[in-house]
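A.B. asks: Take this structure first; my questions come after.
The values are calculated or read from the model by the stated rules, or taken from the named source; none is laboratory data. Just so it is clear, the structure is predicted and the values come from calculations on it, not from any experiment. For neighbour counting, all protein chains shown are included, and Cβ atoms are generated from backbone atoms with ideal geometry for every residue, glycine included. Quick note on the areas: whole protein, heavy atoms, side chains included, nothing else; ligands and nucleic acids left out. Shrake-Rupley method; radii C 1.70, N 1.55, O 1.52, S 1.80 Å.
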Amino acid sequence: MARRDKARKFKRNRSPITWLLRHAQMSLSSLGRLSRNPISTAMTAAVIGIALALPSGLHLLVDNVSQLSSSWDGSASISLFLNENVNDEQADTVRRQIALRPDVGETRLIDRDQALEEFRRLSGFGEAIELLDHNPLPAVVLVRPQERIRGAEAVARLAEELQGYLEIDLAQVDLQWVARLGAITGTIERGVIVLAALLAGAVLLIVGNTIRLDIQNRHSEIEIVKLVGGTDAFIRRPFLYEGIWYGLIGAVIGLVLVLGALYLLDGPVQRLAGLYESDFALAVIDPASLLGLLLGGPLLGLAGAWLAVGRHLAQIQPD
Amino acid sequence: MIRFDNVAKRYATGHEGLSGVDLHLAAGEMAFLTGHSGAGKSTLLKLIGLLERATRGQVWVNGRNLNKLRSRDIPYHRREVGMIFQDHRLLHDRTVFDNIALPLVVAGMGHAETRRRVRAGLDKVGLLKKEKVFPITLSGGEQQRVGIARALVSKPPVLLADEPTGNLDPELSREIMELFLQFNQVGVTLLIATHDVGLINHLGKRIVNLRDGRVADDSGGLD
């Protein structure tokens, strides 16, 4: 009987169409297997969904806040407090001069009488003011920078230049709190990244453990498939698809949770924005995050399944 | 088709399953492997199916030196060696049809050809009407015939059976042996381990007797 030096090559199926067809079948049969245990599948997927929804929801929130602060940043106005000895006529001349600058948009003059009136109305110290024999308030020119002057730095530079006018005592930009808000959202953003990494790790472990249990349950099936000549790739495949499905279903659940939370928050936010006379509205989930969620979920599922399969399949050998 | 050259198998526990076996089965030959339990019958079959690897000597199957076969080639080797077990090793959550189709599904065969071959296999073992039932509803003899159909469906040149009639009454055992003889007539090489000497003595086939991991007696077949 043949004792040839070169062993015959095994026939291997390498047709890409067969390969694709097999993968399609396998992915559907994995889904079918999951649907046969709807409750346990739903629970696992829900845990994954919550783990994915948390960082995506927070990311969305931070996104909204930073959008809000940048819109404030752009519309920052500068208050120019004029010298006390500048009369109303001179004040209006200053205003007109400033309005001619190319980096200045709208201007508005609040003369000393108007300022006093406003103070009386809003501060609640009206009666105290009555006691003074002269108006202590300076005239104020409100300046809104030109559209192209955006960002805290540019506005601050403009304020500095305006400070150079003789008639102007103080040019004040109230932007510091915007900068602080920016710093806070930056910190939270970093926190969200850390949280997302931790929860991604959790998803890996959840899927990995679920697949590990499944491998144990199908121990004898795996043995038999190995006995009749199933390759490792063939045996691995249904488990990998299972991981992908868990990830995808989890991602969809996560998406629903995030959209639900947005819906619940939308009413109160509208009311809040209304109180601040702002037309701010919560941004719906952006396409990049949506894609990240719907791709990231399945990828995490696949990675988790791969971890479990790599560790446990090799241990199962028929005897 | 199958050749053992001074093959020994020592298990990790220190137990010596085989110690220096020389054996040659020509293509198309049918032989029985007998001996007490622990004599090494199962070990010998496992070496052919690469469920175990030899610790010494060389095993050749179908022109290949199994010692030199890489792990990733083992599945392809097993597709050429049909294996039948005493405990059938069927999947109880799948129908008879799906059980028998498994080797073909694993090998990536198309639907139509799979269906045709599984039907032919079912017909051969007389279970054509049972294709949609689950194995658990079948008798022991019927389950064993499902196992045989599964081993045959991919038309392997070599068929191994480890105590295939171990749990069956004499009548069913004779039917199973009759099946094996039919397969041998169409050219399949068979090696069947059994302790049921009474069943095989009159068949006129080669009987290899193992004792303590060695070939004690090899009454060459008449054909």
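A.B. asks: Answer with yes or no whether A:Ile215 is of a type in the set (A, V, I, L, M) and open to solvent by less than 30 Å² (accessible area, probe 1.4 Å).
C.D. replies: Values: of a type in the set (A, V, I, L, M): yes; open to solvent by less than 30 Å² (accessible area, probe 1.4 Å): yes.
Judged against the criteria, A:Ile215 is a match.
A.B. asks: Right, here's the next one. Here is a check on your reading of the model: is A:Gln270 within 30 Å of A:Glu221 (Cα to Cα) and polar (S, T, N, Q)?
C.D. replies: Numbers: within 30 Å of A:Glu221 (Cα to Cα): no; polar (S, T, N, Q): yes.
No: the conditions fail for A:Gln270.
A.B. asks: Residues that are under 24 Å from B:Pro157 (Cβ atoms), within 14 Å of chain A (Cβ to nearest Cβ) and open to solvent by 30 Å² or more (accessible area, probe 1.4 Å): list the helices (runs of 4 or more DSSP H) wholly contained in the range B:1-112 that include at least 2 such residues.
C.D. replies: Answer list for the range B:1-112: B:41-48.
A.B. asks: Let me ask something else. Among residues belonging to the range A:211-235 that are basic (Lys, Arg) and within 12 Å of chain B (Cβ to nearest Cβ), point out the one that is farthest from the chain's Cα centre (by Cα).
C.D. replies: Quick first cut of the range A:211-235, residues basic (Lys, Arg) only: A:212, A:218, A:226.
Subset that is within 12 Å of chain B (Cβ to nearest Cβ): A:218, A:226.
Details: A:Arg218: 40, A:Lys226: 46 Å.
Checked the range A:211-235; the qualifying residue farthest from the chain's Cα centre (by Cα) is A:Lys226.
A.B. asks: Test B:Thr137 against the stated conditions and say whether it is free of Cβ contacts under 8 Å to residues at least 40 places away in the same chain and closer than 20 Å to A:Thr231 by Cα. Please lay out each step first, then the result.
C.D. replies: Values: free of Cβ contacts under 8 Å to residues at least 40 places away in the same chain: yes; closer than 20 Å to A:Thr231 by Cα: no.
No; evaluated as a whole, the condition is false for this residue.
A.B. asks: Go through the range A:218-234 and give me each residue that's hydrophobic (A, V, I, L, M, F, W, C) and in a loop (DSSP other than H, G, I, E, B).
C.D. replies: Just the residues of the range A:218-234 that are hydrophobic (A, V, I, L, M, F, W, C), to begin with: A:222, A:224-225, A:227-228, A:233-234.
A:Val228, the sole residue that qualifies.
A.B. asks: Here's another thing I want to ask about it. Are any of the residues in the range A:271-287 modelled with pLDDT of 90 or more and under 17 Å from the mean Cα position of the chain (by Cα)? Break it down into steps so the answer makes sense when it comes.
C.D. replies: The initial filter retains those residues of the range A:271-287 that are modelled with pLDDT of 90 or more, namely none.
No, there is no match, as no residue in the range A:271-287 is modelled with pLDDT of 90 or more and under 17 Å from the mean Cα position of the chain (by Cα).
A.B. asks: Please verify whether the range A:245-256 includes one or more residues that are within 14 Å of chain B (Cβ to nearest Cβ), of a type outside the set (Gly, Ala, Ser) and open to solvent by less than 30 Å² (accessible area, probe 1.4 Å). Break it down into steps so the answer makes sense when it comes.
C.D. replies: Of all residues in the range A:245-256, those within 14 Å of chain B (Cβ to nearest Cβ) come to none.
No, the range A:245-256 has no match at all.
A.B. asks: Spot the failing condition for A:Phe239; the list is (1) outside any helix (DSSP H, G or I); (2) closer than 29 Å to B:Ser154 by Cβ; (3) not hydroxyl-bearing (Ser, Thr, Tyr), and only one is missed.
C.D. replies: (1)
A.B. asks: Among the residues of the range A:289-306 satisfying the criterion of being within 15 Å of the chain's Cα centre (by Cα) and more than 15 Å from A:Ala202 (Cβ to Cβ), which is modelled with the lowest pLDDT? Before the answer, list the steps.
C.D. replies: Filtering the range A:289-306 down to residues within 15 Å of the chain's Cα centre (by Cα) leaves A:289-294, A:296.
Narrowing further to those that are more than 15 Å from A:Ala202 (Cβ to Cβ): A:289-294.
Details: A:Ser289: 84, A:Leu290: 89, A:Leu291: 90, A:Gly292: 88, A:Leu293: 90, A:Leu294: 92.
Ranking the qualifying residues of the range A:289-306, first place goes to A:Ser289.
A.B. asks: Any residue at all in the range A:307-315 that is within 14 Å of chain B (Cβ to nearest Cβ), modelled with pLDDT of 85 or more and closer than 28 Å to A:Leu199 by Cα?
C.D. replies: Yes: the range A:307-315 contains one or more residues that are within 14 Å of chain B (Cβ to nearest Cβ), modelled with pLDDT of 85 or more and closer than 28 Å to A:Leu199 by Cα.
A.B. asks: The conditions are (1) more than 8 Å from chain A (Cβ to nearest Cβ); (2) surrounded by 15 or more Cβ atoms within 10 Å (Cβ to Cβ); (3) without any contact (Cβ under 8 Å) to a residue 40 or more places away in the chain; (4) not in a helix (DSSP H, G or I), and B:Leu122 fails exactly one of them. Which is it?
C.D. replies: So the condition that B:Leu122 fails would be (4).
A.B. asks: Any chance the range A:31-38 includes a residue that's crowded, with 19+ Cβ neighbours inside 10 Å and under 30 Å from A:Gly297 (Cα atoms)? Before you say what the answer is, go through the steps one by one.
C.D. replies: Filtering the range A:31-38 for residues crowded, with 19+ Cβ neighbours inside 10 Å gives A:34.
With the extra rule that they be under 30 Å from A:Gly297 (Cα atoms), the set shrinks to A:34.
Checked against the condition, which is being crowded, with 19+ Cβ neighbours inside 10 Å and under 30 Å from A:Gly297 (Cα atoms), the range A:31-38 yields at least one hit.
A.B. asks: Let me ask something else about it. Considering only residues of the range A:226-244 that are without any contact (Cβ under 8 Å) to a residue 40 or more places away in the chain and open to solvent by less than 10 Å² (accessible area, probe 1.4 Å), which is nearest to B:His77 (Cα to Cα)?
C.D. replies: Narrowing the range A:226-244 to residues without any contact (Cβ under 8 Å) to a residue 40 or more places away in the chain: A:228-231, A:233-234.
This time we only want the ones that are open to solvent by less than 10 Å² (accessible area, probe 1.4 Å), so: A:229-230.
Numbers: A:Gly229: 7, A:Gly230: 10 Å.
Only one residue fits best here, namely A:Gly229.
A.B. asks: Evaluate the following for A:Leu205: is it closer than 20 Å to A:Leu34 by Cβ and open to solvent by less than 60 Å² (accessible area, probe 1.4 Å)? Can you show your working first?
C.D. replies: Details: closer than 20 Å to A:Leu34 by Cβ: yes; open to solvent by less than 60 Å² (accessible area, probe 1.4 Å): no.
Answer is no for this residue.
A.B. asks: Here's a follow-up. Can you say whether A:Leu299 is under 15 Å from A:Asn64 (Cβ atoms), open to solvent by 60 Å² or more (accessible area, probe 1.4 Å) and touching a residue at least 12 places away in the same chain (Cβ under 8 Å), as far as the supplied structure shows? Reasoning before the result, please.
C.D. replies: Details: under 15 Å from A:Asn64 (Cβ atoms): no; open to solvent by 60 Å² or more (accessible area, probe 1.4 Å): yes; touching a residue at least 12 places away in the same chain (Cβ under 8 Å): yes.
Criteria not met by A:Leu299.
A.B. asks: Same structure again: May I ask you to say which residue of A:Leu262, A:Leu313 is crowded, with 18+ Cβ neighbours inside 10 Å and at negative phi?
C.D. replies: Values: A:Leu313 fails: crowded, with 18+ Cβ neighbours inside 10 Å.
Exactly one of A:Leu262, A:Leu313 is crowded, with 18+ Cβ neighbours inside 10 Å and at negative phi, namely A:Leu262.
A.B. asks: Is the range A:54-70 home to any residue that is acidic (Asp, Glu), open to solvent by 30 Å² or more (accessible area, probe 1.4 Å) and over 38 Å from the mean Cα position of the chain (by Cα)?
C.D. replies: No - not one qualifying residue is present in the range A:54-70.
A.B. asks: For the range B:135-223, list the helices (runs of 4 or more DSSP H) that sit wholly inside it and hold at least 2 residues that are open to solvent by less than 10 Å² (accessible area, probe 1.4 Å); which are they? Quick ask: steps written out before the conclusion?
C.D. replies: On the way: elements: B:140-152, B:170-185, B:197-200.
Hits in the range B:135-223: B:140-152, B:170-185.
A.B. asks: Quick check: anything in the range B:140-148 farther than 20 Å from B:Leu203 by Cβ and within 13 Å of chain A (Cβ to nearest Cβ)? Please lay out each step first, then the result.
C.D. replies: Within the range B:140-148, the first condition is being farther than 20 Å from B:Leu203 by Cβ, and the residues that meet it are B:140, B:142-143, B:146-147.
Right, trim to within 13 Å of chain A (Cβ to nearest Cβ) and you get B:146-147.
Within the range B:140-148, one or more residues are farther than 20 Å from B:Leu203 by Cβ and within 13 Å of chain A (Cβ to nearest Cβ).
A.B. asks: Taking only pairs six or more apart or across chains, which ones have beta-carbon atoms under 7 Å, a first residue in the range A:85-96 that is among the small types (Gly, Ala, Ser), and a second residue that is open to solvent by less than 80 Å² (accessible area, probe 1.4 Å) and in a loop (DSSP other than H, G, I, E, B)?
C.D. replies: From the range A:85-96, the pairs are A:Ala91/A:Asp111; A:Ala91/A:Ala139.
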